[in-house]
Amino acid sequence: MYKKLSLRTNLTYMKKIYLLICILISCFSQAQKKPKAIKITYSKSFNGTLIENQDQILVYSDEQKAIISTAKILSKKTTFPFEQSYIERKDNSYIQSAQLSSSKNIVTIDSLALEKQTFEFLNDTKIILGYKCKKAKTIINSNTIELWYTDELNLKGAPTILGQNLGVVLELNRNNNFLIAATKIEKLKAIPETISFPDTKSKLDLLTYKDLLWKSKFITLEIFKNEIINFSEASKSNDSILRFANGTVILKKVKFPEIKSGSQVFIDLTEQSNGDAYDRTGSVFAIPVSKKHSFFDGLKDGAKTLPIYENGNGKQYQGVVKTEKYSPLLELMRFFTPFGIKQYDHLQLKDKTWHQSVPYRQDISELQAALSNQEVYIGTFIGNYDKGGHKISLNITIHGEEKQDLKNTFLLPLFNTTNVMEMAGQEYATMFNNDKGIEVSFTLEKDLKNVKLRYITTGHGGWENGDEFVPKQNTIFLDGKEAFNFVPWRMDCGSYRLFNPASGNFENGLSSSDYSRSNWCPGTVTNPNLIDLGDLKAGKHTIQVKIPQGKDEGTYFNSWNVSGVLIGE
């Protein structure tokens, strides 16, 4: 038999049940209560592997705004420049702020970026960090990007600008190989007061903002700005620009900062004709200020003051090879002007729109040991006999990326036959018309490892049968033994036709600038060859270059501009 409960006991039991139900309802309500703000931590992976030593993305969001930053930035453990992004929900605008230095901050606002985003919404769902997520897909610049987002938090936010209006994006997958995934979600009462929006009173347009941010990431040394290289007795030096060889050589003293190991160094040069209609040899070079005897002596006092090289062909060549006390020019870049770019764009051809300047850009990182923390003269030569000549601008940029311990890099200029004082009497490089060619001896005080010869070569002269238009083998000998041979030849010159408005057109349908040449084209840079010489022991060594230079034809003669720099560890 069941025991009959008293009324009083029954009421007490019912009160307990009611209280329990209230507690459960309260707990359920608390569990479902939407947060006022959240903090999301994201990590990045590539091909399924977590990226090591990464700076995790942090996103703070509430109903009015969102901030995209990183752990290092917010803990003030990063270096300049750095960038943070902000979303203003009231007008759906995207704000980017970059701190370029301790005293310089730039800001831009894009009010349309979020509205322009379009997505394909899929039926897939999955659970991420306990939240049910939906899937959206978009394609940007041929990249397929999949976003997994949730609306269960009643807020919006994402690790990038993409998907900011979908909800809270917890995963971003690009091309199934790069993944940004949320690893932690923290509910907050409010976004910390220490994280504030930037002042937008002095906002920049987006293009200017991007340009300043990009340029702040590397060091730019402006060497020349719209300088004229011409042939004129009226060409004079001033306080900053030195002019030699009747204006065909310009020079500037430059102090380089220390270049960190792993950095890359680039030359940027632009050229326009200022009157000269022809393709010309150009060279960018460096002369150490500290050297007692260098090519600077010849520029200042005349080619006759430079050491003479003779190889038995009856001619004397000034300043082309290393001696015990003299160092030849360190060539940084060999380039060639096109036929009259900009100045002669009135010479119209149907369906051709001429370019207005030639951009030359080359990596010269292998030469940084000669530049790092050094004061040098940076010079540029363009051979021409035109009073208008050429107009150039030249920058050197240093892109720092400290990756490894600095190696004791050895660098020794051995020879440079480019007669940059052509317009002041320096002999043309015709020394390859006998079997000796050019030969230079040098002494190493210590053993060197992984030695390379940085070798630049271009052939010039004649017409049809001249070395400019006939392939010729270059052979390099080390201590009497052949180390390397190749035929320097460019077959892509027709690619640069739009740089060459004044190039002559022939009956066969070709223009002069179309013709293949001995390692150069009008309007291009000539790349160096890095010739592997192995390890070299301390002591005396000899480098020799032989080229089967063609014979003179009447008033036409051939020459080869070659330069060589020994690089090792």
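The values are calculated or read from the model by the stated rules, or taken from the named source; none is laboratory data. As the structure is a prediction and not an experimental result, all values here were calculated from the model. For neighbour counting, all protein chains shown are included, and Cβ atoms are generated from backbone atoms with ideal geometry for every residue, glycine included. Surface areas here come from the heavy atoms of the whole protein model, side chains and all, with no ligands, DNA or RNA. Shrake-Rupley method; radii C 1.70, N 1.55, O 1.52, S 1.80 Å.
Quick notes on this one:
- One quarter of the convex hull surface built on the alpha carbon atoms of the stretch 298-435 amounts to 13.4 nm², the projected area averaged over directions.
- Computed [θ] at 222 nm, helices only, for the chain once each DSSP H run of length n ≥ 4 contributes -39500 (n - 2.57): -2500 deg cm²/dmol
- If you bin all the Cα-Cα distances of the stretch 311-379 at 5 Å, starting from zero, the percentages per bin are 3, 10, 13, 15, 13, 11, 12, 10, 8, 5, 1, 0.
- For the stretch 402-471, dividing the convex hull volume of the Cα atoms by the residue count gives 205 Å³ per residue.
- Each principal axis of the stretch 351-496 carries a Cα extent, and these read 54, 43, 34 Å when sorted largest first.
- Average projection, convex hull of the Cα set of the stretch 157-200: 4.8 square nanometres.
- Residues of the chain: accessible area per residue with a 1.4 Å probe, Å²: 53 Å²
- H355 accessible area, assembled protein chains, probe 1.4 Å, Å²: 80 Å²
- Degrees separating the helix 7-32 axis from the principal Cα axis of the chain, which is the longest one: 20 degrees
- 3J(HN,Hα) from dihedral phi, the stretch 318-325, Karplus parametrisation 6.51/-1.76/1.60, rounded to Hz, x for glycine, proline: 8, x, 9, 10, 5, 10, 4, 10
- Amide proton proximity set for D386, modelled H, under 5 Å, gap of 5+: F231
- Here the stretch 140-283 is treated as an ellipsoid with the same Cα gyration tensor; its semi-axes, largest first and in whole Å, are 54, 20, 16.
- For the stretch 71-192, size of Cβ-based charge dipole, Lys and Arg +1, Asp and Glu -1, in debye: 440 debye
- For K44, the shell of other residues with beta-carbons less than 11 Å away shows a net charge of -1, using +1 for Lys and Arg and -1 for Asp and Glu.
- Ranking A66, Q54, N238 by Cα position along the charge dipole of the chain, where only Lys, Arg, Asp and Glu carry charges on their C-beta atoms, puts A66 farthest toward the positive end.
- Radius, Kirkwood style, for the stretch 464-531 when every pair of distinct Cα atoms is counted (Å): 13.6 Å
- Spatial extent of the stretch 147-225: Rg and Dmax, with the Cα atoms as the point set, Å: 18.5, 59
- For the pair the stretch 181-199 / the stretch 289-322, the C-alpha centres are spaced 67 Å from each other.
- Of the residues P307, T118, L207, the one whose Cα sits farthest toward the positive end of the charge dipole of the chain, with +1 on the Cβ of Lys and Arg and -1 on the Cβ of Asp and Glu, is T118.
- Near the amide H of F410, within less than 5 Å, lie the amide hydrogens of G568, E569, all on another chain or at least 5 residues away, with H placed in the peptide plane.
- The GluC sites (Glu not before Pro) of the stretch 117-221 that meet both conditions, a loop assignment by DSSP and at most 14 other Cβ atoms within 10 Å of the site Cβ, are E152, E193.
- Percent accessible area from carbon and sulfur atoms, the stretch 318-466, protein chains only, probe 1.4 Å: 42 percent
- Globularity index of the stretch 120-165, i.e. its alpha-carbon radius of gyration over 2.2 N^0.38 Å: 1.17
- Restraint check, K215/K252; K260/K322; K116/K156, Cα-Cα greater than 26 Å: K260/K322
- Fraction in percent of alpha-carbon pairs per bin - 5 Å, the stretch 81-213: 2, 9, 17, 19, 19, 16, 11, 5, 1, 0
- Distance between the stretch 268-287 and the stretch 202-233 - C-alpha centres, whole angstrom: 19 Å
- Crossing angle, helix 206-215 versus the chain [Cα axis fit, 0-90 degrees, rounded to tens]: 60 degrees
- Taking packing as the residue-averaged number of other Cβ atoms within 10 angstrom, the listed peptides 88-100, 241-253, 504-516 run from highest to lowest as 241-253, 88-100, 504-516.
- In plain terms, the bigger the Kirkwood radius, the slower the diffusion; for the stretch 488-562, with that radius from Cα pairs, at 37 °C and 0.692 mPa s, Stokes-Einstein puts D at 207 µm²/s.
- For the stretch 82-99 and the stretch 102-118, distance of Cα centres in Å: 5 Å
- By the Cα gyration tensor, the stretch 231-374 has an equivalent ellipsoid whose semi-axes, rounded to whole angstrom, run 31, 22, 16 from largest to smallest.
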